[in-house]
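For reference, the structure is listed below as structure tokens.
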Amino acid sequence: MYKVAVIEDEPNVRKELVLCSPWEKAGVVFSGEAGDGEEGFELLKKIAPDIVLTDIRMPGFDGLELIRRMKEYCRQSEACREPEWIILSGYTEFEYARRAMQMGVREYLLKPVEEKMLAESLQSCINRIRERERINSITRAVGKGSGLTAAFFSEYSGNISDTFDYVARTVAIIRRKYIQGVTIEDAACELGISAGYLSRLFKKLTGYTFTDYLMYERISAAARLLKETSKKVYEIADLVGYEDTRYFSQIFKRVTGLTPLEFKNSRGHSSHIMVT
């Protein structure tokens with residue numbers, strides 16, 4: 001589970017967040033709290049949380065300074081992974097929130113914090129963390145020279161990754177559009193860069209062409225459907241963007257080493273297939 005820390009100077013607000021938030025339901029574990037920015041900075045260096053909820057205005061140095069210092073610390077330390085940030089703010093503090101967004105913070109919650117909104121922000125943070133993990137899994141597999149099959153199974157190993165911004169955003173586009181189909185030109189247009197530049201960057205950081213990763217994403221989705229549902233192979237092929245079931249089966253075997261039916265029948269019985 002991912003670790004969460006809470007930095008909030010108001011004791012009652014902090015305790016309510018710590019004790020009443022749906023951490024387990026959201027798939028995270030509470031790992032520490034602090035009452036101001038300075039104390040929070042030391043806490044974050046010590047426990048290395050994946051997600052931080054921080055008040056925007058606090059005594060000592062505020063949430064913005066905490067974010068700035070943590071970014072700088074992580075740039076200087078190879079062992080540090082910058083956490084995802086969720087900022088907490090009052091109605092009159094929008095300028096602080098705007099500045100936080102300019103620093104790359106994507107989650108902003110108004111006080112008092114609603115449980116539903118917090119759950120949604122936590123899920124958004126988890127999604128971005130998992131996206132980085134996916135990229136790192138592929139990058140490490142490529143570094144070992146293990147090819148598409150190893151990358152496919154490495155997908156499920158839960159490695160931790162560094163952030164590759166354009167690549168992460170490109171992967172997100174592929175995941176969003178792989179069913180109907182997407183080209184590198186489509187992705188480049190959405191990112192506001194040239195297709196040639198994106199192609200070179202994507203290949204350099206992942207070892208794969210855009211087309212190969214699109215195929216990988218479709219096969220990953222198919223594997224989950226084979227594991228979790230009773231749908232027929234032809235139905236799954238259509239759900240992941242393949243009109244030709246025979247071609248889908250050929251691609252699936254090329255990537256995984258197994259036909260879709262072999263993969264489906266091996267659930268819970270094979271030691272080398274690790275799908276989560």
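The values are calculated or read from the model by the stated rules, or taken from the named source; none is laboratory data. Nothing here was measured: the structure is a model prediction, and the numbers come from that model. Heads up, the Cβs are rebuilt from the backbone with ideal geometry, glycines too, and the neighbour counts pull from every protein chain shown. For accessibility, only protein heavy atoms count, side chains too; no ligands or nucleic acids. Shrake-Rupley method; radii C 1.70, N 1.55, O 1.52, S 1.80 Å.
Site pair ARG254 and GLU78 shows an inter-label distance of 3.7 nm when each label is modelled 7 Å from Cα along Cα→Cβ. Whole-Hz Karplus values for the stretch 105-116 come out as 6, 10, 10, 9, 10, 8, 7, x, 6, 7, 4, 5 Hz, taken residue by residue from phi with 6.51 cos²θ - 1.76 cosθ + 1.60 and θ = phi - 60°; glycine and proline positions read x. Electrostatic bookkeeping for THR183 treats Lys and Arg as +1 and Asp and Glu as -1; over the other residues with beta carbon under 12 Å from its beta carbon, the sum is -2. Amide H contacts under 5 Å for GLU84: ILE51, VAL52, restricted to partners 5 or more places along the chain or on a different chain, H placed in the peptide plane at 1.01 Å from N.
Average accessible surface for the stretch 195-242: 46 Å² per residue, computed with a 1.4 Å probe over protein heavy atoms with every protein chain in place. Couplings for the stretch 186-194, taken from phi via the Karplus curve 6.51 cos²θ - 1.76 cosθ + 1.60 with θ = phi - 60°, read 4, 5, 4, 4, 5, 7, x, 10, 7 Hz in order; Gly and Pro are left as x. Each Lys or Arg adds one and each Asp or Glu takes one away; over the other residues whose Cβ falls under 12 Å from the Cβ of LYS46, this sums to 0.
With an a/c value under 1.5 for the gyration tensor axes a ≥ b ≥ c computed over the alpha-carbon atoms, the stretch 4-137 is described as rounded. Short to long, the 5 Å bins of the Cα pair-distance histogram for the stretch 8-83 hold 3, 16, 26, 24, 18, 9, 3, 0 percent of all pairs.
In the context of the full set of protein chains, the stretch 5-103 has a per residue accessible area of 52 Å² (1.4 Å probe).
Summing +1 for each Lys or Arg and -1 for each Asp or Glu among the other residues whose beta-carbon sits under 11 angstrom from that of ILE251 gives +2. Residues TYR2, TYR96, ordered by accessible area of protein heavy atoms at a 1.4 angstrom probe radius and largest first, appear as TYR96, TYR2. As a length-normalised measure over Cα pairs under 8 Å and 6 or more apart, the relative contact order of the stretch 8-93 settles at 29 percent. Less than 5 angstrom separates the built amide H of GLU33 from those of VAL6, all sequence-distant by 5 or more or on a different chain. For the residue pairs LYS177/LYS227; LYS232/LYS264; LYS46/LYS71; LYS3/LYS45; LYS71/LYS116; LYS232/LYS253, the C-alpha atoms sit more than 20 angstrom apart in LYS177/LYS227; LYS71/LYS116.
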